[in-house]
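Heads up, the thing below is written out as structure tokens.
Coordinate-derived values only; no laboratory data. Since the structure is predicted, the reported quantities are computational estimates derived from the model, not experimental observations. Cβ placement follows ideal geometry from the backbone for every residue including glycine, while neighbour counts extend to all protein chains displayed.
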Amino acid sequence: MLLPAVHFLSAGTHSNLTRHQSLAVLEWHQQLCECAKQHEHQHQWTNHSRSLIKVNAITGNYQNIVYRHTWQVPGTGGGYEFSITNAGKVRLDLYQSHNQYTTVTGSTTITTGTWRHVAGVFDGNQMRVYLNGVLDGSLSTTNGPASGNSPLKIGWNTGGTNYFGGLIDNVRISAAALYSSNFTPGLGPGNQTRALWKF
């Protein structure tokens with residue numbers, strides 16, 4: 001089952017989804033070729049996050065893939081956000097507080113109507129975003145996400161905006177930075193997985 005644009009998930013605030021020394025923010029993927037073919041026919045905070053996405057359109061608005069933060073609300077702490085920008089690029093934000101954050105944005109505008117594997121990583125010294133297993137943007141920083149108490153959302157944000165217009169599948173949040181260089185999209189190492197949603 002896929003998570004379509006009209007259905008969104010709130011995953012709660014379990015402690016395993018909060019910050020770790022290293023973080024793989026978002027990683028969405030399956031075996032990319034097999035997954036894309038299958039879906040076409042069927043119609044943490046951690047160090048690493050990944051997912052498989054299919055965007056309907058670049059709308060001029062941000063489209064959240066995974067979000068765990070409450071912007072501008074004192075006392076909610078830090079968190080993270082993995083999204084597609086208003087220009088159609090992969091973006092990872094790490095929040096150090098309710099109103100301070102560090103951002104890395106990819107350089108490639110994604111193609112709509114096609115399955116794409118996206119991943120966001122923080123290893124304690126660098127933030128990275130990957131598109132289909134290829135490094136698409138990086139930023140040297142030690143500004144990791146602070147602990148926070150916001151629920152994790154898939155396909156939208158805490159304010160009820162920035163809905164993802166398309167399909168999301170296989171969202172994984174891991175407690176280790178699984179990717180340090182280009183890779184072949186696949187499930188990868190699973191021993192540091194903190195959460196996995198297959199829709």
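Straightening the chain between Ser138 and Ser97 buys 12.6 nm, computed as 0.36 nm per residue apart minus the Cα-Cα spacing.
For the pair Thr184 and Ser147 in one chain, pulling the backbone fully straight at 0.36 nm per residue adds 10.2 nm over the alpha carbon distance.
Packing, taken as the mean count of other beta carbons within 10 Å per residue, orders the peptides 168-180, 94-106, 57-69, 138-150 from highest to lowest as 168-180, 57-69, 94-106, 138-150.
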